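What follows is one structure encoded as structure tokens, with my remarks underneath.
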Amino acid sequence: MLTSSITDYIGCRKGTPNADGSYSWSAETLVLSPGSNSAWDARHACDPSVIKGVFNYNGTEYSYLMAYLGCTSNDSQENKIGLAVANDPMGPFVRVGTEPLVDFKLDPSSEVFQWGVGQASLVSMDKAGKVWLFYTRGEVSGTKTVVRECDFSNLNAPVMSDEVKVSTSGLTNLNGKSDYMNNADFVYDPDNYRFYSASDSHPNPSDEPNNISSTFRVNYFSGTKLNVGIWQTLEQVGPDETGWARNHNVGLVRDEYGHLYNKDYITVYYTMSKTGSQSLWSYRIYEYNIELK
């Protein structure tokens, strides 16, 4: 029997806008690979979020900060979050330290699946070193999205607040009931004092692949009290809108600071998949635009 082993790397392509609104894309550049055999991110490096700012590390000033997921497991458990810096989004990126920024340890007393922490989304607070760090936490008690206010001006001594659970008030699942938030991306609109989020809608379908969602949602709320805000729905996007059975792993188009890029509409990039036992080999990236009112 033939077997395969998939390892995640982080790549980047530079897009150049064309007159018709489409983009021409450069060849892929690998900007971060998994760490050495003994490193905390030796198995996978994936799910990056990059913003511009002013970040000092080991006496050098860098213009770009990346948060990414790393792990040593083959079963999608015990994920952790690390940082890397560069002076160009095309890299090369330099890892910050030898340990994860946000660690996660399995609870050996429980047989519950323990995903860990990851799927980070960075948003600049001051276009310098102060940052909102959003990420998913999946543990024995359940799954949620959390946020921390961080000062990454000096990455040799980063300062981070405690985790705060991002509110899920106003979020409904595909059955019309309250939903949780995971795999989320965020963008901030400073002119209207508003946050937008894009995340998976639940529950996942029962047929293969049943580990990814059929539908994603885009929501917003006003203000920055992320633990108490009530989300308003812009749109739920699923098979009827896209033509694909699975629509997931969404990311919002943002400016270099994680702020709203276009005042008239918000653009979502998402991954599609067909159904069936080999469905995960059919990943492609698509675009969906939602008008802002």
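The values are calculated or read from the model by the stated rules, or taken from the named source; none is laboratory data. Given the structure is predicted, the values throughout are model-derived calculations rather than measurements. Ideal geometry is used to build each Cβ from the backbone, glycine not excepted, and the neighbour counts take in all protein chains shown.
Numerical summary
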| quantity | calculated |
| --- | --- |
| Selection within the range 247-260 - in contact (Cβ under 8 Å) with a residue 60 or more places away in the chain and either part of a strand (DSSP E or B) or loosely packed, with under 15 Cβ neighbours inside 10 Å (or both) | His248, Asn249, Val250, Gly251, Leu252, Arg254, His259, Leu260 |
| Subset of the range 198-231 (residues that are without any contact (Cβ under 8 Å) to a residue 40 or more places away in the chain and outside any loop (DSSP other than H, G, I, E, B)) | Tyr220, Ser222 |
| Scan of the range 198-246 for residues that are crowded, with 19+ Cβ neighbours inside 10 Å, closer than 12 Å to Tyr270 by Cα and of a type in the set (S, T, N, Q), ordered by number | Ser199, Ser213, Ser214, Thr215 |
| Output for the range 144-162, where each listed residue is closer than 22 Å to Ala184 by Cα, over 15 Å from the mean Cα position of the chain (by Cα) and of a type outside the set (A, V, I, L, M, F, W, C) | Glu149, Asp151, Ser161, Asp162 |
| Residue among Ser22, Ser36, Ser76 that is on the phi > 0 side of the Ramachandran plot and out of contact with any Lys or Arg (no Cβ under 9 Å at 6 or more places or on another chain) | Ser76 |
| The range 49-86, subset of a type in the set (A, V, I, L, M, F, W, C) and under 15 Å from Met125 (Cα atoms), residue surrounded by the most Cβ atoms within 10 Å (Cβ to Cβ) | Leu65 |
| Options Tyr193, Tyr286, Tyr265: the member that is farther than 17 Å from Asn182 by Cβ, free of Cβ contacts under 8 Å to residues at least 60 places away in the same chain and in contact with a Leu (Cβ under 6 Å, 6 or more places away or on another chain) | Tyr265 |
| Residue pairs meeting the criteria (Cβ under 9 Å; at least 6 apart or on separate chains; first on the phi > 0 side of the Ramachandran plot, in the range 268-281; second of a type outside the set (Gly, Ala, Ser) and assigned to a loop (DSSP other than H, G, I, E, B)) | Gly276/Asp207; Gly276/Glu208; Gly276/Pro209 |
| Verdict on Ser36 being exposed (fewer than 11 other Cβ atoms within 10 Å of the Cβ), modelled with pLDDT under 95 and over 24 Å from Ala157 (Cβ atoms) | yes |
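This table checks each residue for (1) over 22 Å from Ile51 (Cβ atoms); (2) in contact with a strand residue (DSSP E or B) (Cβ under 7 Å, 6 or more places away or on another chain).
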position: Leu234; (1), (2): yes, yes
position: Gly243; (1), (2): yes, no
position: Val250; (1), (2): no, yes
position: Glu256; (1), (2): no, yes
position: Ser273; (1), (2): yes, yes
position: Gly276; (1), (2): yes, no
position: Leu280; (1), (2): yes, yes
position: Tyr286; (1), (2): yes, yes
